[in-house]
Amino acid sequence: MNNRVVITGLGIWGCLGKNLDEVKESLYTGKSGIGMDMERKAWGYRSGLTGIVEAPQLKGLLDRRARVGLSEEAEYAYMATIEAMKNAKMEMDWVEKNEVGILYGNDSSAKAVSEAIDTIRAKKDTTLLGSGSIFQSMNCTVTMNLSTIFKLKGINFTISAACASGSHSIGLGYLMIKWGLQKHIICGGAQEVNPFAFGSFDGLSAFSIRENDPTKASRPFDRDRDGLVPSGGAATVILEDYESAVKRGAPILAEVIGYGFSSNGDHISNSNVDGQVRSLNMALDGAGIKAADIDYINAHATSTPGGDRTEAQAIDMVFGETRPLVSSTKSMTGHECWMAGASEIVYSMLMMQNNFVAPNINFENPDEASAKLNIATKTTEKNIDVFLSNSFGFGGTNSSLIVKKIK
Amino acid sequence: MTQEEIISKINEFLVEEFEVDAEKIIPTSNLRETLDLDSLDYVDLVVIIESNFGFKVVAEDFINIHTFQDFYDYVNRKVAEKATA
């Protein structure tokens, strides 16, 4: 089968805003969501920089039984998903009668795990963890909770693929629908934002230490970048088979036309041009389009010296002749890790829907590799018919998604 | 802690944590049915009792607790035992 796969709903909760409207405004104005968490400094972090994400207030929205199982990232995912389901016109009574699945990216639940172990050590009694701890602690915390809350009856599992988790969730959802195995899938990515989650990453000296100027710290592709800024939240992208979406009267927002993936077969943390180029070419080949057809690339670029250089080289190798506009929205959000691949589809969709390319803020001076790219340094009014979004993760996992406007 | 204080504290956390309407808490009413407790909720009840009264409930103790009054009496007895221990 070769079904068309469309996006019918979007939702987001993150450091640029708590809904699509707020996030669109932040993207358009180039507003940074980065600040300082002094608790991390007290914990011995090298960098206290982080995306600042508000905690949702769920009392009144969900009953106690549903709330106690939600980890921090699952709370974000719930908020993003109710927004996406609302604008996809997916009512609960319809969902209960149809086979709706969930494939969500998540690769840790460090806070829930750490707090549980602390309680066991202090109390010497596992019962005192309470009933919610297990459902908060597992990597599949988002999918197990949301599938229960929304009474989902389709495919149901979590994708753990480091910083490409969210992107692969959409890619796998795309394939499941394209091949006729599912008709409606809630995809997305979630990332916890707390001191438990990022200590080991901080320990690699991967984070920016430009603490005296937080909004300038994340500067992908800029010559003077000194590391990434960890961030998070959740983003939901609802995918549906085109015919089914039309039949139920869903809004058709765009079409997913390509998914490329690859593994570097190389270093555990260093990126690799060949692996990324294979992912990019696979996405283009699958979509049946040429490099010249891409109007905008939402880069993975996280603001690390090595990673950005590799991606700039890979993009130049594939798009060197056509030089589409490129920006890394991580310049505003920081690195949303497990969430990033999904949130960056949401950001790019907002740009496509509103005819602009969000700026790669803090890009002041190129280095040798980024000088070859056409980087959007300021908000650019532009019609986007087709965009590509890159996501790359530790272990050398690569994912590239291509989305096309519905005309 | 007096018996009245214990009852007041129990009712307070049942309203706060289990989100039951205060007017539905009647001593002769069935605890499980009123609070709509499932097996997972009993685990949370153990945690709440421990944090409020400092003793650990064993699962078997719940077998003989049917009404809110049974629950008050049980907690009252355990608190008294703890005080004299």
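Among the candidates A:49, A:20, A:16, the residue that is within 17 Å of residue A:166 (Cβ to Cβ) and in contact with a Ser or Thr (Cβ under 7 Å, 6 or more places away or on another chain) is uniquely A:16. Considering only residues that are surrounded by fewer than 24 Cβ atoms within 10 Å (Cβ to Cβ) and over 17 Å from the mean Cα position of the chain (by Cα), which ones fall in region A:6-21? The answer is A:21, and nothing else.
Of the helices (runs of 4 or more DSSP H) lying entirely inside chain B, those containing at least 1 residues that are within 14 Å of chain A (Cβ to nearest Cβ), under 12 Å from the mean Cα position of the chain (by Cα) and surrounded by 11 or more Cβ atoms within 10 Å (Cβ to Cβ) span B:3-17, B:31-35, B:39-53. Summed over region A:333-385, the residues that are surrounded by fewer than 20 Cβ atoms within 10 Å (Cβ to Cβ) and either within 23 Å of the chain's Cα centre (by Cα) or more than 17 Å from residue A:32 (Cβ to Cβ) (or both) give a count of 19. Filtered by the rule that a residue be farther than 21 Å from residue A:174 by Cβ, hydroxyl-bearing (Ser, Thr, Tyr) and surrounded by fewer than 21 Cβ atoms within 10 Å (Cβ to Cβ), region A:260-279 gives a lone residue, A:269.
For every residue, the table says whether it meets (1) within 14 Å of chain B (Cβ to nearest Cβ); (2) under 22 Å from the mean Cα position of the chain (by Cα); (3) within 23 Å of residue A:349 (Cα to Cα).
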residue	(1), (2), (3)
A:35	no, yes, no
A:45	no, no, no
A:51	no, yes, yes
A:59	yes, no, no
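A Cβ distance below 7 Å, combined with a sequence gap of six or more or placement on separate chains, defines the contacts here; from region A:251-262, residues that are under 11 Å from residue A:240 (Cα atoms) reach residues that are at pLDDT below 95 in the pairs A:252/A:406; A:254/A:406; A:255/A:406.
When you scan region A:11-33, how many residues do you find that are touching a strand residue (DSSP E or B) at 6+ places or on another chain (Cβ under 6 Å), of a type outside the set (Phe, Trp, Tyr) and outside any helix (DSSP H, G or I)? Residues flagged as touching a strand residue (DSSP E or B) at 6+ places or on another chain (Cβ under 6 Å), of a type outside the set (Phe, Trp, Tyr) and outside any helix (DSSP H, G or I) within region A:11-33 amount to 5.
Does residue A:295 meet the test of being charged (D, E, K, R) and not assigned by TED's automatic domain parsing to the domain that holds residue A:328? Spelling it out, it is not the case that residue A:295 is charged (D, E, K, R) and not assigned by TED's automatic domain parsing to the domain that holds residue A:328. Would you confirm, using the coordinates I've provided, whether residue A:80 is touching a residue at least 24 places away in the same chain (Cβ under 8 Å), among the hydrophobic types (A, V, I, L, M, F, W, C) and under 19 Å from residue A:167 (Cα atoms)? Yes: the conditions hold for residue A:80. Looking at A:118, A:93, A:107, A:125, just one residue is assigned by TED's automatic domain parsing to the domain that holds residue A:231, modelled with pLDDT under 95 and either touching an Asp or Glu at 6+ places or on another chain (Cβ under 6 Å) or not basic (Lys, Arg) (or both), and that residue is A:125.
Against the conditions (1) more than 17 Å from residue A:63 (Cα to Cα); (2) modelled with pLDDT under 95, residue B:31 satisfies every one except (2).
Against the numbered list (1) under 19 Å from the mean Cα position of the chain (by Cα); (2) within 14 Å of chain B (Cβ to nearest Cβ), residue A:68 comes up short only at (1). The helices (runs of 4 or more DSSP H) located wholly in region A:101-159 that include 3 or more residues which are hydroxyl-bearing (Ser, Thr, Tyr) and more than 13 Å from every other protein chain (Cβ to nearest Cβ) occupy A:141-149. Among the residues in region A:63-73, are any out of contact with any helix residue (DSSP H, G or I) (no Cβ under 8 Å at 6 or more places or on another chain) and assigned to a loop (DSSP other than H, G, I, E, B)? Yes, that holds for at least one residue. Taking region A:65-87 as the range and being buried (at least 24 other Cβ atoms within 10 Å of the Cβ) and of a type in the set (Val, Ile, Thr) as the test, only A:81 passes.
Criterion applied to A:23, A:53 was being in the same structural domain as residue A:171 (by TED's automatic domain parsing), at pLDDT 95 or above and in contact with a Leu (Cβ under 7 Å, 6 or more places away or on another chain), and the one residue passing it is A:23.
The values are calculated or read from the model by the stated rules, or taken from the named source; none is laboratory data. For clarity, every value in this text was computed on a predicted model and none was experimentally measured. No Cβ is skipped: glycine too gets one built from the backbone with ideal geometry, and neighbour counts run over all protein chains shown.
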